[in-house]
Amino acid sequence: MPRHLLDIRDLSTQELDALMDRADDIIQNPKRYAECMHGKKLATLFYEPSTRTRLSFEAAMLELGGSVLGFSSADSSSASKGESVADTVRTVGCYADIIAMRHPKEGAPTAAAQVSPVPIINAGDGGHNHPTQTLADLLTIRREKGRLNQLVIGCCGDLQFGRTVHSLINAMMRYKSIRFVLISPEELRVPEYVRESMHKNGVTFVEVERLEDVIGTLDILYMTRVQRERFFNEADYVRLKDSYILDTDKMRLARRDLCVLHPLPRVNEISRAVDDDPRACYFRQVANGKYMREALLMKLLEVEA
């Protein structure tokens, strides 16, 4: 049976560490890996828009010597004719060796995995999970801070619908001495199931509404945008969309070794002036995502360099 990645918890901490080690080696020795996926095909099935995730999967496969196929929106696939996800996956599994899938409905990649003849990678399902973004986050934190333990991590913005935040919390709570500071308006706090999971695992966290009050205590600041596509009410989106904007004034309150992350795209929640600050790590985070996806593709297809 193929092995899938649907949730970051599908990977043990030992496997996460091994993936990061492999990604570091790919960064240092790209030529060693240039043909290891020769003859392999990746299908990207993206039922909602994406730039970084889809292109980084495709770049990862191409840089490993493989090839790619797929679609970038439901409108350009047979889903527009009413074809089910299950039938699409059964079909594409005849053409490709592995599938990366994004879908607006929570649980769609899990349903796909139940019928797929090839490995399924969850590339984001609604407001639920985004495990490969978390792989990028973990590698960035390790490369920037030198460790994945003894950290104070601030998550700021849309914590209710932010699938990247949910996945990051699920991953980081397994490392030692992690404390979360959850910064959001009351309407966008983390879902109860995430809160219960932190309680169950003995993870220390606080929930606050003002970024200025806590930014000076953080090792990591994980900014997120308020996502218009997750709201049913446009008025609620307009009211909350500018709740948090990270600018140079707030950065003056932060520690000199703060690491600012963002899964992107951003709207205006990080001022462009912050881009020039060496503590802004989000574009290095983008590059790290490609290397981690290379390592993941190799792992799920059981390929060695």
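The values are calculated or read from the model by the stated rules, or taken from the named source; none is laboratory data. Bear in mind that the values here come from a model prediction, so they are computed numbers and not experimental data. We place every Cβ from the backbone using ideal geometry, glycine too, and count neighbours over all the protein chains shown. Accessible surface areas use protein heavy atoms only, side chains included; no ligands, DNA or RNA. Shrake-Rupley method; radii C 1.70, N 1.55, O 1.52, S 1.80 Å.
In what order, largest first, do CYS94, CYS259, CYS36 sit by accessible area if the probe radius is 1.4 Å?
Details: CYS94 105, CYS259 0, CYS36 25 Å².
Largest accessible area first, the residues go CYS94, CYS36, CYS259.
Run the dipole for the chain about the Cα centre, Lys and Arg Cβ at +1, Asp and Glu Cβ at -1, nothing else charged, and hand back the magnitude in debye, nearest 20.
Computed charge dipole of the chain: roughly 460 debye.
Ranked by solvent-accessible area (1.4 Å probe, protein heavy atoms only, all chains present), the residues HIS130, HIS38 order from largest to smallest as HIS38, HIS130.
With a 1.4 Å probe and all protein chains left in place, how much of the accessible area of segment 121-235 comes from carbon and sulfur atoms, in whole percent? Carbon and sulfur together cover 45 percent of it.
Only one of (i) -0.65, -0.98; (ii) -0.44, -0.78; (iii) -0.48, -0.84 was calculated from the structure for log10 I(q)/I(0) by the Debye sum over Cα atoms at q = 0.09, 0.12 Å⁻¹, and its label is (ii). Annotation for LEU253 and ARG3: the two label points, set 7 Å from Cα along the Cα-Cβ direction, are 4.4 nm apart. Loop-resident chymotrypsin sites (Phe, Trp or Tyr not before Pro) (DSSP state other than H, G, I, E or B) in segment 1-88 with no more than 14 further Cβ atoms inside 10 Å of their Cβ are absent. Here segment 1-102 has 49 percent of its accessible surface on carbon and sulfur atoms, given a 1.4 Å probe and all protein chains in place.
Taking the Cα centre of segment 1-100 as origin, work out the dipole magnitude from +1 charges on Lys and Arg Cβ and -1 charges on Asp and Glu Cβ, in debye rounded to 20. Write down the numbers at each step before the final one.
Details: 11 positive and 15 negative charges, 51 e Å.
Value, rounded to 20: 240 debye.
To the nearest 0.05, what FRET efficiency results for SER78 and VAL303 with a Förster distance of 25 Å applied to their C-beta separation? For R0 = 25 Å, the calculated efficiency reads 0.25.
Solvent-accessible surface of the chain, averaged per residue with a 1.4 angstrom probe and all protein chains in place: 44 square angstrom. Using the Cβ atoms and a cut-off under 14 Å, what net charge is assigned to the surroundings of CYS259, where Lys and Arg are +1 and Asp and Glu are -1? Here the charged neighbours net out to +3. For LEU253, the accessible surface of its heavy atoms amounts to roughly 90 Å² (probe 1.4 Å, protein chains only, rounded to the nearest 10). Positive-end ranking of ALA43, HIS103, GLN28 along the dipole of the chain, with charges on Cβ about the Cα centre, is headed by GLN28.
If you take every residue apart from ILE8 with its C-beta less than 12 Å away from the C-beta of ILE8, what net charge results, scoring Lys and Arg +1 and Asp and Glu -1? Can you show the working numbers first?
Working: positive: ARG9, ARG163, ARG174; negative: ASP7, ASP10, GLU15, ASP137.
It works out to a net charge of -1.
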